[in-house]
Amino acid sequence: LRPTLLMNVPSTVIYLTVYEEGRDRLTPIAGGAWAPLGAGGSARALVTSLFSPLELLRTRMQATGSSDGLGATAARVVRSGGVGSLWTGLGASLWRDVPFSCIYWALYEALRRRAKATHPQGEVTTSAAFLAGAA
């Protein structure tokens, strides 16, 4: 549980912050349709790369049923494969996560724009935002 909390809270905060900042900066350059795609992919690539070592350690601890702490597991991994081994599996994670985030955010923002355009006051209702995110 501890490694999961160490990963999920900060990674979500960083991911959403980088996505929104990137989308806002890219929109004037790339346009409203392409900005979410680039921002989503970039945000996911950054977060996946930053938190890959913790993901690896969490997986190793679960797979071995180890009650050793995070530090002991990290030391064992580094001792057997070097510091670079903490990023084992990063390529596969990037191939899985980055395209998903690109597609997700591009569709989410498109559906959100469409919902906003159809609302009489030009707002996105809670139910429309929920459906856009669930689509």
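Filter the range 24-37 down to the residues that are open to solvent by 30 Å² or more (accessible area, probe 1.4 Å) and either among the hydrophobic types (A, V, I, L, M, F, W, C) or without any contact (Cβ under 8 Å) to a residue 40 or more places away in the chain (or both) and list them by number.
Let us first name the residues in the range 24-37 that are open to solvent by 30 Å² or more (accessible area, probe 1.4 Å), namely 24-30, 32-34, 37.
The answer is Asp24, Arg25, Leu26, Thr27, Pro28, Ile29, Ala30, Ala33, Trp34, Leu37.
Considering only residues that are over 30 Å from Ala63 (Cα atoms) and aromatic (Phe, Trp, Tyr), look in the range 1-38 and name the one that is modelled with the lowest pLDDT. So that I can check it myself, show each step before the final result.
In the first step, residues of the range 1-38 are kept if they are over 30 Å from Ala63 (Cα atoms); the result is 17-38.
Filter once more, so that each one left must be aromatic (Phe, Trp, Tyr): 19, 34.
Values: Tyr19: 97, Trp34: 93.
Looking at residues that are over 30 Å from Ala63 (Cα atoms) and aromatic (Phe, Trp, Tyr), I get Trp34.
Would you confirm whether or not the range 111-121 contains a residue that is open to solvent by 60 Å² or more (accessible area, probe 1.4 Å) and in contact with a helix residue (DSSP H, G or I) (Cβ under 6 Å, 6 or more places away or on another chain)?
Our first condition is that a residue be open to solvent by 60 Å² or more (accessible area, probe 1.4 Å); within the range 111-121, this holds for 111-114, 116-118, 120-121.
Imposing the further condition that a residue be in contact with a helix residue (DSSP H, G or I) (Cβ under 6 Å, 6 or more places away or on another chain) reduces the set to 111-112.
Scanning the range 111-121 turns up at least one residue that is open to solvent by 60 Å² or more (accessible area, probe 1.4 Å) and in contact with a helix residue (DSSP H, G or I) (Cβ under 6 Å, 6 or more places away or on another chain).
I'd like to know if the range 30-46 contains one or more residues that are among the hydroxyl-bearing types (Ser, Thr, Tyr) and under 22 Å from the mean Cα position of the chain (by Cα).
There is at least one residue in the range 30-46 that is among the hydroxyl-bearing types (Ser, Thr, Tyr) and under 22 Å from the mean Cα position of the chain (by Cα).
Condition test on Arg58, is it within 19 Å of Tyr104 (Cα to Cα), under 19 Å from the mean Cα position of the chain (by Cα) and either at pLDDT below 90 or of a type in the set (Lys, Arg) (or both)? Outline the logic, then answer.
Values: within 19 Å of Tyr104 (Cα to Cα): no; under 19 Å from the mean Cα position of the chain (by Cα): yes; either at pLDDT below 90 or of a type in the set (Lys, Arg) (or both): yes.
So Arg58 fails the test.
What residue, of Ser80, Ser66, Ser49, is hydroxyl-bearing (Ser, Thr, Tyr), surrounded by fewer than 18 Cβ atoms within 10 Å (Cβ to Cβ), over 30 Å from Arg113 (Cα atoms) and touching a residue at least 24 places away in the same chain (Cβ under 8 Å)?
Values: Ser80 fails: touching a residue at least 24 places away in the same chain (Cβ under 8 Å); Ser66 fails: touching a residue at least 24 places away in the same chain (Cβ under 8 Å).
The conditions single out Ser49.
The values are calculated or read from the model by the stated rules, or taken from the named source; none is laboratory data. Since the structure is predicted, the reported quantities are computational estimates derived from the model, not experimental observations. Because the Cβ atoms are built from the backbone with ideal geometry, glycine has one as well, and the counts that use them run over all protein chains shown. Calculation scope for accessible area: heavy atoms of the full protein, side chains included, ligands and nucleic acids excluded. Shrake-Rupley method; radii C 1.70, N 1.55, O 1.52, S 1.80 Å.
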